[in-house]
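Quick note: the coordinates plus some simple rules give every number you see, no bench work behind them. Just so you know, these numbers come straight off a predicted model, no measurement behind them. Note that each Cβ is placed from the backbone with ideal geometry, even for glycine, and that neighbours are counted across all protein chains shown.
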Amino acid sequence: MNPVRRLGRAGLNFFERLGRGHLFLLRVLLNVPGQFLQLRLLATQLYSVGVLSLLIIGVSGLTVGMVLGLQGYYTLVDFGAEESLGQMVALSLVRELGPVLTALLFAGRAGSALTAEIGLMKVTEQLPAMEMMAVDPYRRVVAPRFLAGLISLPLLAAVFSAIGVLGGYFVGVGLLGIDGGAFWSQMQSKVDFYDDIANGVVKSVVFGFVATWIAVFEGYDAVPTTEGVSRATTRTVVHTAFAVLGLDFILTALMFGGI
Amino acid sequence: MTTQSLETAEALVELRQVSFGFGGRKVLDGVDLFFPRGKITTIMGPSGTGKTTTLRLITGQLRPDAGVVRVAGQEVSALDHAGLFRLRKRMGMMFQSGALFADLDVFENVAFPLRAHTDLPESMIRDVVLMKLEAVGLRGASRLMPAALSAGMARRVALARAVALDPMLMMYDEPFTGQDPITVGRVMKLIRELNDNLGLTSILVSHDVKEIMAISDFVYIISQGRVIGQGSPAQLQRSDSPWIRQFIRGEREGPAAFHYPAPDYVEDLLA
Ligand SMILES: Nc1ncnc2c1ncn2[C@@H]1O[C@H](COP(=O)(O)OP(=O)(O)OP(=O)(O)O)[C@@H](O)[C@H]1O
Ligand SMILES: [Mg+2]
């Protein structure tokens, strides 16, 4: 094949997949309301997608918060503004690092697992068998996982930020000797509920939507072979990272950039 | 029994002039197949000739490129999603690979269609599941996970699951493969009993000539996308067609192809 044709083919494939992805999303969304009638399935998925991600999110949040505390202190101290450390740590986490890092970790921990699980169900003919039994895999398999991801990610991001703030406190107040009262009061007066926290929550909801969509779609669309599933799993992590970072720029520009 | 009398005898499932291909490669090329009510009809043929594909056409998982597939008078490819699901509730299929749900234990696998489509109380579901498992000799394995089953056991669980809703049409894809001789006998008896006692129509896909000849009411032999022989087991035994004889006796050399289409062997080696 000559390069021009190859480019054309790649372009067509890209748009075809994009179209399939959106039709897939539509069918998933149509099945989301019905999930509240099968709460056991949803609970199981919330456990494996959300609860089992808590450890990695907690540990990462703590380390990131501690590093922010250290790095922030050395910059702020030059201006005699080390009392503002609380504000700096909280704003970085709530507006930016919490949603973004949680989404990236989520893709690696839960997203890849979702893709592999759904892909393997396809390989082992569990999805065709389900359709043969007149049970819709969208309703039974895909939608509960999608909804669980959608609910989990914003909560995980909140946990990440909260633990991160504690990490910053531990370093700033515990190790570097900043006044604890100043740390909290600066944070309280400078972090705005709507401008900062609500915008951060919006980000994490958007990331949760995109990250879970990519994960379940890659699984459902995987070529039903061992190799196909492993490729799909890789794609989940890579595509989620790109999507989250790209969307983060756009959302940040819209929310905080005054564009 | 001739084709003519089969057509007039009421067929629950019929394929007329059905062609189907996977991206250019023709798998079925204008086949006519009729599956009469209340009978066990077997499709046999070399590996890779489209037996599983035929079952998937009947269940509407695939749509024919040409021709019609009718089940209980309804044209399968004309049905919408809801219509197809209504029809499938009355069909049971035992997959070649078993296709058990890996996250559910044996009991829950068999209970799955019951929970999905009936409002039976838990005690009744338990009774039905245990009865079905008893019939395949695996009641004692009801709390094992699919990963802990051997291939033959998994297939028997799949059989129990497929009949859980007492369908009108049962399809078995290679039910005897991987079973020991005693189990083969039990599974054959089970298929026969299900068929006769519940008034099912059964479609069997298999290579095992001895078992097929013992259990089937009618047999189709397909090869290279076409029906190359059909008849009752007795008729096939007596047939003098070289195709049929090769198949029934398992002769190595003969007109039926063992190989996937390939360029000339010697040329290929020397290329
Ligand atoms: N999803 C698919 N995509 C492309 N080709 C396929 C696909 N599924 C099956 N085929 C091809 O269709 C042909 C028929 O496959 P099928 O599974 O129906 O064979 P079979 O008769 O059931 O064989 P076996 O006895 O080995 O199970 C094979 O040659 C196979 O290569
Ligand atoms: Mg097959």
remark   = Here the percent of antiparallel bridges among DSSP beta bridges lying wholly in the protein assembly as shown, to the nearest 5, is 55
note = Sorted by chain and then number, the residues having a modelled amide H within less than 5 Å of the amide H of B:VAL27, at least 5 places away or on another chain, are B:PHE20, B:GLY21, B:PHE22
key: Set B:LYS51/B:LYS89; B:LYS51/B:LYS132; A:LYS122/B:LYS39 screened for pairs whose C-alpha atoms are more than 30 Å apart   = A:LYS122/B:LYS39
inquiry  = Give me the one-decimal nm value for the distance between modelled label points at A:VAL51 and B:SER19, 7 Å along each residue's Cα-to-Cβ direction.
reply    = 5.7
query = If you line up the long axis of helix A:112-123 against the longest principal axis of chain A, both from Cα atoms, how many degrees apart are they, to the nearest 10?
reply = 10
task = Quote the Stokes-Einstein diffusion coefficient, in whole µm² s⁻¹, for chain B, based on the Kirkwood radius over alpha carbon pairs, a temperature of 4 °C and a viscosity of 1.567 mPa s.
result = 66
note = Here Rg/Rh (Cα, Kirkwood) for chain A equals 1.07
note = One finds, for A:GLU83 and A:LEU29 with R0 = 56 angstrom and r their Cβ-Cβ distance, a FRET efficiency to the nearest 0.05 of 0.75
key: Partner chain coverage, peptide A:117-127 - average Cβ within 10 angstrom   = 3
request  = Rounded to the nearest 0.05, what FRET efficiency do B:ARG192 and A:VAL223 give with R0 = 45 Å and r taken as the Cβ-Cβ distance? Could you check?
outcome  = 0.70
query = Tilt of helix B:181-197 relative to the longest C-alpha principal axis of chain B, in degrees (0 to 90, nearest 10)?
reply = 80
request  = Would you kindly derive the ³J(HN,Hα) couplings of the range A:223-229 from the backbone phi angles with the Karplus curve 6.51 cos²θ - 1.76 cosθ + 1.60 (θ = phi - 60°), listing them in order in whole Hz, with x for Gly and Pro?
outcome  = 5, x, 9, 4, 5, x, 5
remark   = Listed by chain and number, the residues whose amide H is under 5 Å from that of B:GLY229, excluding neighbours fewer than 5 places away on the same chain and using placed H, are B:ILE221
In range of the label at A:VAL123: residues from the range A:227-250 whose backbone nitrogen is under 17 Å from the point 7 Å along Cα→Cβ = A:227-237
request  = Return one number: the angle in degrees, 0 to 90 and rounded to the nearest 10, between the long axis of the Cα atoms of helix A:199-221 and the longest principal axis of the Cα atoms of chain A.
outcome  = 30
task = Report, largest value first, the span of the C-alpha coordinates of the protein assembly as shown along each principal axis, in whole Å.
result = 103, 65, 41
request  = Please average, across the residues of B:89-102, the number of beta carbons from any other chain that are within 10 Å of each residue's own beta carbon, and give a whole number.
outcome  = 4
inquiry  = Calculate the FRET efficiency for B:ALA78 and A:ARG17 from the Cβ-Cβ distance with a Förster distance of 30 Å, rounded to the nearest 0.05.
reply    = 0.55
inquiry  = Largest first, please: the extent of the C-alpha atoms of the range B:98-166 along each principal axis, to the nearest Å.
reply    = 32, 22, 19
inquiry  = Cross-link candidates for B:LYS26: which aspartates and glutamates have Cα within less than 17 Å, leaving aside residues fewer than 8 places away along the same chain?
reply    = B:ASP65
Per-residue mean of C-beta atoms belonging to partner chains within 10 Å, peptide A:130-143 = 5
inquiry  = If each DSSP helix of 4+ residues adds -39,500 (n - 2.57) and the sum is divided by the residues in chain B, what number results at 222 nm, nearest 500 deg cm²/dmol?
reply    = -11000 deg cm²/dmol
